[in-house]
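The values are calculated or read from the model by the stated rules, or taken from the named source; none is laboratory data. All values derive from a computational prediction rather than experimental measurement. Cβ placement follows ideal geometry from the backbone for every residue including glycine, while neighbour counts extend to all protein chains displayed.
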């Protein structure tokens with residue numbers, strides 16, 4: 001996310017920590033100040049708002065199976081689903097909550113509900129807003145910047161997921177079917193190249209004849225990021241696959 005003069009003017013003089021955080025945990029409505037929020041298990045909170053429902057609604061909503069955490073996590077747009085797919089590939093999340101909190105700032109009066117809270121396996125936290133870059137209005141940007149400052153003060157990372165270049169979303173959806181570890185049965189990872197690049201068709205040949213499918217195993221390697229390719233371009237057998245530091 002890039003800051004602009006207008007965004008900074010919108011929050012000039014505003015203390016990002018002059019806020020009240022409201023959330024729902026284990027069936028009880030609660031609130032905390034930012035100074036106390038670091039000890040709250042926001043990954044266990046219930047959503048603080050419902051997804052809006054109105055005639056001719058264009059957004060698609062549902063629940064995404066996050067294999068890395070064993071959770072069904074709500075999403076209310078293709079963009080949010082794409083974020084969850086991207087997160088699942090990293091296998092870094094321990095637990096994820098949707099719409100985890102309301103942040104109420106006092107001066108000026110604003111409120112904001114971030115889209116996701118991620119507790120990572122190493123104990124660190126990530127607060128996430130998902131919005132297509134072209135849809136971010138100045139007031140949204142001001143709220144995002146206030147949220148970023150508050151998160152930084154709490155030792156949390158903050159991400160505005162705002163870019164899905166080219167065919168990224170389509171490729172992630174396609175690769176989802178190959179996230180099951182069984183696709184890598186019979187694949188000896190140490191036999192893969194340590195570095196360099198080859199075409200997808202050559203990787204399939206290199207994998208030989210695993211129990212399931214060499215092509216499926218190749219896609220599973222891409223999903224798990226053992227082998228990396230440019231997902232902004234349509235996947236094809238001529239796609240360039242990179243290993244090791246060359247990724």
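Before moving on, here are some points about what is shown:
- Of all residues in region 3-32, those satisfying the criterion of being assigned to a loop (DSSP other than H, G, I, E, B), under 18 Å from residue 144 (Cα atoms) and modelled with pLDDT of 70 or more are 15, 16, 17, 18.
- Among residues of region 94-110, those that are outside any loop (DSSP other than H, G, I, E, B), in contact with a helix residue (DSSP H, G or I) (Cβ under 9 Å, 6 or more places away or on another chain) and at pLDDT below 95, counted: 2
- Sole residue being surrounded by fewer than 15 Cβ atoms within 10 Å (Cβ to Cβ) and in the same structural domain as residue 77 (by TED's automatic domain parsing), chosen from 155, 186: 155
- Number of the condition not met by residue 204 [criteria: (1) touching a strand residue (DSSP E or B) at 6+ places or on another chain (Cβ under 8 Å); (2) modelled with pLDDT of 95 or more]: (1)
- Close pairs (6 angstrom Cβ cut-off, 6 or more residues apart or separate chains): free of Cβ contacts under 8 Å to residues at least 12 places away in the same chain in region 61-81, assigned to a loop (DSSP other than H, G, I, E, B) anywhere: none
- Residue count for region 202-221, restricted to those that are assigned to a helix (DSSP H, G or I), under 30 Å from the mean Cα position of the chain (by Cα) and without any contact (Cβ under 8 Å) to a residue 40 or more places away in the chain: 8.
- Every test in (1) under 23 Å from residue 179 (Cβ atoms); (2) in contact with a helix residue (DSSP H, G or I) (Cβ under 8 Å, 6 or more places away or on another chain); (3) without any contact (Cβ under 8 Å) to a residue 40 or more places away in the chain is passed by residue 118 save one, and that test is (3).
- In region 118-137, the count of residues that are surrounded by fewer than 14 Cβ atoms within 10 Å (Cβ to Cβ), part of a helix (DSSP H, G or I) and over 19 Å from the mean Cα position of the chain (by Cα) is zero.
- When 164, 172 are checked against the criterion of being in contact with a helix residue (DSSP H, G or I) (Cβ under 6 Å, 6 or more places away or on another chain), assigned to a loop (DSSP other than H, G, I, E, B) and touching a residue at least 60 places away in the same chain (Cβ under 8 Å), a single residue qualifies: 164.
- Whenever a residue of region 85-98 is not assigned by TED's automatic domain parsing to the domain that holds residue 125, it has no partner that is modelled with pLDDT under 95 and surrounded by 21 or more Cβ atoms within 10 Å (Cβ to Cβ) lying with C-beta atoms less than 7 angstrom away and at least six residues away or across chains.
- Flag for residue 164 being at pLDDT below 95 and either within 18 Å of residue 44 (Cα to Cα) or loosely packed, with under 15 Cβ neighbours inside 10 Å (or both): no
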